[in-house]
Structures are given as C-alpha cells and as structure tokens.
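Participant: What follows is a single structure, and I will ask about it in a moment.
Nothing in this text is a laboratory measurement; each read-out follows from the coordinates by a stated rule. Since the model is a prediction, treat every value here as computed from it, not as a measurement. Cβ: placed from backbone, ideal geometry, glycine included. Neighbour counts: every protein chain shown.
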Amino acid sequence: MRFSTASAIILASMALAGCTSSLGLSDIMSSAPSRETTSSIARPASPIPTADVAAAPAAPAPVFQQAMAAPMPRQGLLAAPPVPEAAVTEAPVEVAMAAPVVELDDIPTPDAKPIALVSPSNPMKATPFAPGQIYGRRFRDAKPINFGKAMSPKNFAVHGVDVSRWQGEIDWPKLRTQGANFAYIKATDGGDYLDPMFKENWREAGAAGLRRGAYHFFYWCRTAGEQADWFIRNVPRVEGALPPVIDVEYNGESSCKRRLPRETIIEKMQVFMDRLERYYGQRPIIYTAPDFYRDNLEGEFLDYPFWLRAVAQPPSKVYPGRKWLFWQYSGSGLSHGVDGKIDLNVFYGNEETWNAWLAKATS
C-alpha cells in the first residue's frame with residue numbers, strides 16, 4: 001500500500017513537470033506587472049502659466065508661476081536599509097476621506113486682531129500670532145551671494161524657511177518676526193524614518209502663525225507605495241497646511257547608492273505623488289537640486305509646481321525654462337530664533353499672489 005501510493009505520487013509529479021517545463025524563470029518574471037503602479041488621479045488643466053521664467057518682481061510680481069526645484073543638503077540622514085523592490089507590493093491605499101482630521105496636539109491659538117500687512121518697526125515686540133501678517137525679510141547670510149540686482153531675493157515679498165532636526169530647538173515666534181512667513185518641515189525619510197523634531201516643529205510653527213507644510217526625503221531603495229504610506233501615517237491632514245513636498249536628489253551620505261534609470265525614477269515619483277494627492281487633496285510640490293534635475297527631471301512633470309535649489313546662480317541660469325513656485329537661495333542663513341544655519345527660501349510673487357495661491361492650494 002505504501003509502495004503503490006508513493007509510486008503514484010512520483011508518476012504524477014513527473015507528468016506535471018512535463019507540462020510546465022516550457023516556462024522558465026525569466027518567462028514568469030517578465031509576465032509580472034510592475035509594482036510601481038500609479039493611482040488614477042483626475043488631472044485638471046495645467047496650473048502652470050505658459051509665460052517664460054522672468055526676472056524677479058521688484059514691486060507687483062508677475063502672475064503667480066508654479067514651479068520649483070533644488071534641494072538643500074541633508075546632514076547625516078538616517079536612511080533605511082535597502083529593501084528589494086520585489087519584496088513589497090504596491091497595494092492601493094484606501095482612505096476614508098470623510099473622517100475629520102485631528103491635529104497632532106490640541107494647542108489653542110491665541111486670539112489676535114489682524115494688523116496691517118507691513119513689517120513692524122520693532123519685529124521683536126510684534127505679536128507673532130497675527131493671522132495673515134507678512135513679515136519683512138530680516139535674515140542674514142553667512143555666505144551671501146550676489147544674484148544680480150534683478151534677481152536679488154530681497155526683491156521678493158514672501159520669505160520662508162525649511163527645517164529639520166539639525167536646527168535643534170527653534171524659537172518659532174522669534175523666527176517668524178525675522179521674516180519666516182512659511183516653513184517646510186522635514187517629516188519622513190524612506191519608509192521608516194520620522195524626523196524626531198517633526199511633531200514639535202509642526203505644532204510650534206502652527207502656533208506661531210506660520211503657514212507650514214511637510215516634506216519627505218525620497219529613498220530610492222524602497223518602493224514608492226511604502227514611502228507614501230509612511231508619510232501619510234505621520235503627517236496630519238489639516239486645514240490650511242501647505243501642499244506636501246517630495247524631496248528628490250542625490251545624497252552621497254545615504255546608505256542607498258542606487259542610481260535608477262530616468263524612466264524608473266519618473267514612475268516611482270508618480271506613484272508617490274498620486275498617493276499623496278489622493279489623500280491630502282493637494283498636488284504635491286517637487287523639490288530638487290541642479291544635478292538631479294539635469295539627469296532626470298528636465299522636461300518632466302510640467303503640470304507640477306517646483307521648488308528649486310539654486311544657491312550660486314538664480315534659477316533662470318540653473319534651470320533654464322523651468323517655472324518655479326519656491327526658490328531656495330541659501331543654505332547658510334542666519335536668524336534670531338535659530339542656533340546655527342538655516343535654509344532660506346522665497347515665494348515667486350508678491351503678497352497678493354501669495355494670498356491668491358494660498359486660497360487655492362490650501363482650500
């Protein structure tokens with residue numbers, strides 16, 4: 001009985017092997033769908049103006065131009081260990097949009113009467129909680145650059161900063177009075193790293209009246225879906241927040257040394273941005289640096305706003321033809337309220353275009 005049963009199993013196995021021997025491993029792998037599959041996001045008409053990139057506005061700025069690029073150097077990023085792409089599937093994220101979003105901490109914002117949109121004569125005594133107030137630029141720069149009279153950052157009305165744990169404890173009310181009208185705050189990196197200062201910075205920047213947003217440092221050794229899920233898990237969906245940012249750049253300090261093909265980079269970015277746009281209801285902003293832009297993004301994502309890093313020459317020289325929304329013009333800024341250096345940025349436009357963009361981007 002045992003012998004005849006074993007024989008039957010052997011014979012059945014041999015027959016099955018004969019039926020399947022024509023399929024090799026390469027055939028099986030080639031038939032598998034890509035795990036970096038984009039979500040279906042309805043794309044409205046391009047919000048990017050068609051006008052060429054022009055010199056900086058001195059008084060009234062030209063019509064708001066969406067686009068940006070250029071990342072700041074990330075010091076000592078704690079990158080996650082590489083995870084094989086094949087090990088993770090890009091399952092769609094199902095999010096209930098009806099549920100209200102709870103802020104990180106319920107911190108009441110002090111009531112304050114609106115005041116004129118002018119820089120106070122003594123900013124240190126002005127209330128940091130005045131809604132909608134635009135503070136004039138009072139930053140200094142450890143390594144100032146002459147961008148030319150036409151493109152001097154001083155010509156722009158709305159300045160801001162981007163921060164991470166490397167800035168340590170920040171006096172946000174004081175930083176705001178120095179000209180930080182908006183702040184982008186490092187939130188996540190890869191699929192498992194949360195900036196240890198994110199929650200505090202997010203809470204305190206909001207309490208000080210800054211318009212705040214969060215950014216994610218993209219890690220090329222993890223799938224886009226994993227990273228989008230991680231960002232969504234840690235960054236609250238709150239009314240009035242700036243659109244989320246995907247930071248794409250080369251990072252020599254990262255444990256991930258992969259240099260992916262251009263088409264793969266575009267695909268992964270699209271997956272990540274589609275997930276975030278579906279969840280937050282805002283089109284993400286792309287932050288990048290000159291070398292990464294040159295190799296991968298020139299001519300791509302024309303209907304996305306860009307945040308450009310250009311700390312030696314104006315964006316029109318470094319990213320010819322690319323329209324931008326934010327310009328990071330310095331990585332060596334100095335300001336009251338922060339120990340050490342801080343990244344400095346401007347918005348393309350004047351107060352009127354800033355408020356018009358906010359109304360659309362944060363509604």
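Participant: Per-residue counts of other Cβ atoms within 10 Å, averaged by peptide: what ranking do you get for 143-156, 168-181, highest first?
Facilitator: 168-181, 143-156
Participant: Quick one: which of 332-342, 250-260, 309-319 comes out on top by average Cβ neighbours within 10 Å, and what's the full order, highest first?
Facilitator: So the peptides 332-342, 250-260, 309-319, ranked by packing, come out 309-319, 332-342, 250-260.
Participant: Would you mind calculating the relative contact order of the stretch 240-343 from Cα pairs under 8 angstrom and at least 6 residues apart, reporting the percent as a whole number?
Facilitator: About 22 percent, as a whole number.
Participant: What lysines sit close enough to Lys268 to cross-link, taking a C-alpha to C-alpha distance under 19 Å and skipping anything fewer than 8 places away on the same chain?
Facilitator: Excluding near neighbours in sequence, the set is Lys257.
Participant: Kindly write out, for the stretch 176-190 in residue order, the coupling ³J(HN,Hα) from the Karplus curve 6.51 cos²θ - 1.76 cosθ + 1.60 (θ = phi - 60°), rounded to whole Hz, with x marking Gly and Pro.
Facilitator: Values per residue, Gly and Pro as x: 5, 5, 7, x, 7, 7, 9, 9, 9, 10, 4, 10, 9, 9, x Hz.
Participant: I need the shape label for the stretch 215-363. Rule: rounded when a/c is under 1.5, else prolate if a/b > b/c, else oblate, with a, b, c from the alpha carbon gyration tensor.
Facilitator: Here the stretch 215-363 falls in the rounded category.
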